[in-house]
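Asker: Below is one structure. I have some questions about it.
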Amino acid sequence: MKSRSRQRFLKQKSFRYISFVVLSIGLVAGCEETGNNKYPKVDKLTAGIFLEPEERAVLPPGVELRPVFSKGLALTKRSEGFRSGLYNDAANYCTIAYGHLLKLAPCDGSEPPEFLAGVTEEQGTELLVDDMERAQVSVMTSVEVDLTDGQYAALCDFVYNVGSGNFRRSTLLKVLNGSQFEQVPFQLLRWVKAGGKELPGLKKRREQEIVLFFDGQPIPRALPEEQFETIDIRKGEILQGNTITK
């Protein structure tokens, strides 16, 4: 009897131990899953202005930075979207607010305390205004013709999205500096690819930039869509002599 009781006791003890191990594994897995999901993955592209290794353009001495008027800032806000907390964008880069890039790596809790706690919309706007300065300088130092507020703001949004290097090497800049504004809609609508795929969000952004560029003016008719040679915003155009290819 004592032997059978001992066997039952050992079985019960073994069962409790196995249950404890299984429960512990489940809790650890749950914690790991929670940790992985702490910073959500959001299907949003990193602004091209953040991905440029090249040296930034600077304004000539004595030249003040031209601000982006309210309609232009509103366009960039709509296109980028606002998130008060940290998130990882489509490239798995740690980001916050209106696409403000914190680092070219996933969020891991080592970010500055002010970002870990989240930001307000007002703070997000301040970050965006600061980030836009790179695009503003690029437009001011690359475009050689006078621009209206709408034209300037539309180009700043475009450069923020695709990067200043891509803008300086683009056919778009050539037609701008040639005062061929009627070709701007066609050139803008070419920049709708990312990662080799045409994205509806990029096409919508380009269409909104066109409306802003011709703010209060008739918009020239772009070429039929089947004639477009679309461009990837991560690759841009490559200059070869006097021609530009994708």
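Where a number appears in this text, it was derived from the coordinates with a stated rule and is not lab data. No experiment lies behind these values; they were computed from the predicted model shown. Here the Cβ is made from the backbone with ideal geometry for all residues, glycine too, and neighbour counts use every protein chain on show.
Asker: Take every Cα pair under 8 Å in the stretch 48-245 that's 6+ residues apart, average their separations, divide by the length, and report that relative contact order as a whole percent.
Answerer: 22 percent
Asker: Give me the Å³ per residue figure for the convex hull around the C-alpha atoms of the stretch 141-230.
Answerer: Spread over its residues, the Cα hull of the stretch 141-230 gives 96 Å³ apiece.
Asker: Add +1 for every Lys or Arg and -1 for every Asp or Glu among the other residues with Cβ under 9 Å from the Cβ of Ser138, and state the total.
Answerer: Result for the local shell: +3.
Asker: Could you pull out the pairs from Lys174/Lys197; Lys41/Lys193; Lys44/Lys204 whose alpha carbons sit more than 23 Å apart here?
Answerer: Going by Cα-Cα distance, Lys174/Lys197 fall outside the 23 Å limit.
Asker: Where Rh is the Kirkwood radius over the Cα pairs of the stretch 87-246, the temperature 25 °C and the viscosity 0.890 mPa s, what D in µm²/s does Stokes-Einstein return?
Answerer: Approximately 144 µm²/s, per Stokes-Einstein.
Asker: Using +1 at the C-beta of Lys and Arg and -1 at the C-beta of Asp and Glu, which of Met132, Trp191, Leu173 has the Cα lying farthest in the positive direction of the dipole of the stretch 48-245?
Answerer: Comparing the listed Cα positions along the dipole, Trp191 ranks first.
Asker: If you add up the charges near Ser179, with Lys and Arg at +1 and Asp and Glu at -1, over every other residue whose beta carbon is less than 14 angstrom from its beta carbon, what do you get?
Answerer: -2
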